[in-house]
Amino acid sequence: MQFFIAGQWQSRDSVIEVTNPYSGEVIDTVPKATASDVDAAIEFAVRGAEVMAAMPGYDRFVILRKTADMMRQRADDLARTLSSEEGKTLREALFEVDRSAQTMELSAEEAKRLGGEYLPLDGGKGTQGKMGFTMRVPCGIVAAITPFNFPLNLVCHKIGPALAGGNAVVLKPASDTPLSALKLVQILLDAGLPPLAISCITGSGAAIGDAICTDRRVRKISFTGSQEIGERICRIAGLKKVTMELGSNSPLVVLPDADMDKVVQATLASAFSNAGQVCISTQRMIVLDRVHDSVVEALKPKVESLVAGDQLHDASQMGPMIRESDAARVEDWVQEAVGMGAKLVCGGSRNKALMQPTLITNARSDMKVVREELFGPAVAVQRAESVTEAIRMVNDSRYGLSAGVFTRDIDSAMRFAREVHSGNIHINWGPMWRTDLMPYGGLKDSGHGKEGPKYAVQEMTEMKTVVIHTS
Ligand code: NAP
């Protein structure tokens, strides 16, 4: 495919190959942008920002609403593209397309709701005759940088609220998965978005990231990706607004009074979806001593029976990881843990990028499978003696994106909600659950700022205060 900059679909001699992670087959190529392409895109977006700021909220609503409708009409094509470039199963891809359309729908609504506040200024001493209100205005140019694992919905979580707020957008999708983002741009244009308002630059983040993030014409950066790159962007961004949606090693705690069937169901759903490549995947399970063995026994046959294979085949319940090198890393970390005393319950090996669903016990916090973000289909089980110890173990992490607890005791559940340092807390489900309207974002090294269109649109706009000095 071509990339879309300065109002035109364009090619370059130098390209990036996009491959199917299961077969290794090249499915398409995209241009490899340079810093001068970034400059051209931003220059164009300066005018785009003026056009978008002048566009009435209702018109922005209509474009985004129509985009959602057209995404649904083209769902099969979008899903096949997503599945082929990312490796998620077709079922997972169709689900992502549906969520993405919802994200655009929710964003459309926000275009009509950008309000302000009446300020009772006469409450200040000596302010008689003063009246005031606030209003929200677009940031101008929003740079959206997105990861590979939800190549469509995470793009929608940035583009939707940015356009709803009246901004122009420069999008840089992940190099492994740029195709669905480019197809989304075509849909936006077909839905009536002025070409000035959007660019989609494909190219290596390492090569063009600085040109995007240091440019003073960009007023807002919304980044989803790894903690290392996020921190680098924060260091170089200068005086811009930034939203950082970063990684985690999310925990699931099981207390003795848990509904065990639901624990098994939630673990399977929250640890192995998208081959464990979800920022809120269950990576650590912390199980109280009394039920530890029965939880592991119940999980083992279910994890073993998960069918991993070609993501485009109906029978596959889990597809490959994005790259063979990532599957090799997960395999290494599991082997390292076993070498340090962990017990392999099932899985642990791979065929190229296809990592077997894996369960290990006797895990400890000095093992990489517990301490670092694993981002793969493996769960490391640890024991705890008490709720206090379990909460301490949960918080013994630099990350804080999402955490789950299973208990029927309201006091334990509320204690977990209060004391766990995490942006999302789930009671009686795993950490991996999200509906797109809710506020979503991490604490600590998992980032700052919230997504969910109602919240993201606040981050994509600035507040002005207006004071009327009546006589
Ligand atoms: P990544 O390697 O950090 O890449 C994310 C994006 O940043 C890609 O578009 C990448 O481009 C770009 N990039 C790379 N170097 C850059 C630089 N120097 N300056 C600017 N941009 C640069 O992450 P990933 O492997 O794609 O995604 C996995 C990570 O995302 C995990 O850590 C996961 O937890 C996190 N994530 C977080 C959330 C959340 O909501 N909190 C959601 C999903 C994923 P290239 O592809 O060209 O390198």
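The values are calculated or read from the model by the stated rules, or taken from the named source; none is laboratory data. Please read these numbers as outputs of a predicted model, since none were measured by experiment. Using ideal geometry, Cβ is built from the backbone for each residue, glycine included, and neighbour counts are taken over all protein chains shown. Heavy atoms of the whole protein, side chains included, go into the accessibility calculation; ligands, DNA and RNA do not. Shrake-Rupley method; radii C 1.70, N 1.55, O 1.52, S 1.80 Å.
Stretching V15 away from E109 to a fully extended chain increases their span by 30.1 nm, per 0.36 nm per residue minus the current alpha-carbon distance.
Nearest 5 percent is fine: what portion of the DSSP beta bridges confined to segment 95-221 is antiparallel?
15 percent
Could you tell me what percent of the accessible area of segment 415-457 is made up of carbon and sulfur, with a 1.4 Å probe and every protein chain present?
59 percent
Looking at the chain alone, DSSP beta bridges between its own residues are antiparallel in about 45 percent of cases. Computed 3J(HN,Hα) for segment 365-372, one whole-Hz value per residue from the Karplus formula 6.51 cos²θ - 1.76 cosθ + 1.60 where θ = phi - 60°, is 6, 8, 8, 4, 4, 9, 7, 8, glycine and proline marked x. For M340 and A35, the FRET efficiency from 1/(1 + (r/R0)^6), where r spans their Cβ atoms and R0 equals 30 Å, is about 0.10.
Amide H contacts of L119 (H built 1.01 Å from N, in plane; Pro and chain starts excluded): G132, F133, T134 sit under 5 Å, all sequence-distant by 5 or more or on other chains. About its Cα centre, segment 251-438 has a charge dipole of approximately 200 debye under the convention of +1 per Lys or Arg Cβ and -1 per Asp or Glu Cβ, with nothing else charged. Backbone phi angles across segment 421-430, fed through the Karplus curve with coefficients 6.51, -1.76 and 1.60 (θ = phi - 60°), yield HN-Hα couplings of 8, 8, x, 10, 10, 10, 9, 6, 7, x Hz in residue order; Gly and Pro are listed as x.
A cut-off of 5 Å between modelled amide H atoms, ignoring neighbours fewer than 5 places along the same chain, links E462 with V137, C139.
With a threshold of 22 Å on the Cα-Cα distance, the over-threshold entries among K158/K352; K32/K241; K172/K352; K240/K450; K158/K241 are K158/K352; K32/K241; K172/K352.
Relative to the longest principal axis of the C-alpha atoms of the chain, give the angle of the C-alpha long axis of helix 90-110, reported between 0 and 90° and rounded to the nearest 10°. Once rounded, the angle reads 30 degrees. With each label modelled as a point 7 angstrom along the Cα→C-beta vector, the D69-I427 pair spans 4.1 nm.
What separates the Cα centres of segment 135-185 and segment 359-423 is a distance of 32 Å. By how many degrees, 0 to 90 and rounded to 10, does the Cα axis of helix 260-272 deviate from the longest principal axis of the chain? The helix 260-272 is inclined about 60 degrees to the chain. What you get for the chain, charging only the Cβ of Lys and Arg (+1) and of Asp and Glu (-1), is a dipole of about 1260 debye around the Cα centre.
Here each label is just a point 7 Å from Cα along the line to Cβ, and for R392 and V26 those points are 5.6 nm apart.
When only Cα pairs below 8 angstrom with a gap of at least 6 residues are kept, segment 251-438 shows a relative contact order of 30 percent.
Could you tell me what a quarter of the Cα convex hull surface of segment 251-438 works out to, in nm² with one decimal place?
Numbers: hull surface 40.9 nm².
Taking a quarter of the hull surface, the average projection is 10.2 nm².
Taking the dipole about the Cα centre of the chain, with the C-beta of Lys and Arg at +1 and of Asp and Glu at -1, give me whichever of H313, A93, L196 is farthest to the positive side. The Cα lying farthest towards the positive end belongs to L196. At a probe radius of 1.4 angstrom, the accessible area of segment 242-330 per residue rounds to 33 square angstrom. Put M104, M260 in order of accessible area, highest first, and with a 1.4 Å probe you get M260, M104. Here the accessible area of segment 223-337 is 51 percent carbon and sulfur, with a 1.4 angstrom probe and all protein chains present. Using heavy atoms of the protein chains and a probe of 1.4 Å, the accessible area assigned to I16 is about 30 Å².
Relative contact order (percent) for the chain, with alpha-carbon contacts under 8 angstrom and 6 or more residues of separation?
19 percent
Rolled with a 1.4 Å probe across the full set of protein chains, the surface gives Y118 an accessible area near 140 Å². The D259 and K464 beta-carbon pair, evaluated with R₀ = 41 Å, returns a calculated FRET efficiency of approximately 0.20. Seen from L189, the other residues with C-beta closer than 12 Å to its C-beta sum to a net charge of +1, counting Lys and Arg as +1 and Asp and Glu as -1.
When you count the other C-beta atoms within 10 angstrom of each residue and take the mean per peptide, 89-101, 310-322 line up highest first as 89-101, 310-322. Residues in segment 435-471 near a label at K130, defined as backbone nitrogen under 11 Å from the 7 Å Cα→Cβ point? The answer is 467-470. The angle between the Cα long axis of helix 289-304 and the main principal axis of the chain comes to about 80°, on a 0 to 90 degree scale.
Ordering V466, I5, S325 by Cα displacement along the dipole of the chain toward the positive end leaves V466 in first place; charges were set at the Cβ atoms of Lys, Arg (+1) and Asp, Glu (-1). Put a plus charge on the Cβ of each Lys and Arg, a minus charge on the Cβ of each Asp and Glu, and nothing anywhere else: the dipole of segment 303-355 about its Cα centre is then about 100 debye. Ordering 449-455, 108-114, 461-467 by mean Cβ neighbour count within 10 Å, with the highest value first, yields 449-455, 108-114, 461-467. For the peptides 178-190, 241-253, the ranking by mean Cβ contacts within 10 Å, running from highest to lowest, is 241-253, 178-190. Residues whose amide H comes within less than 5 Å of that of C346, counting only those at least five positions distant or on another chain, are L359 (H built at 1.01 Å from N in the peptide plane).
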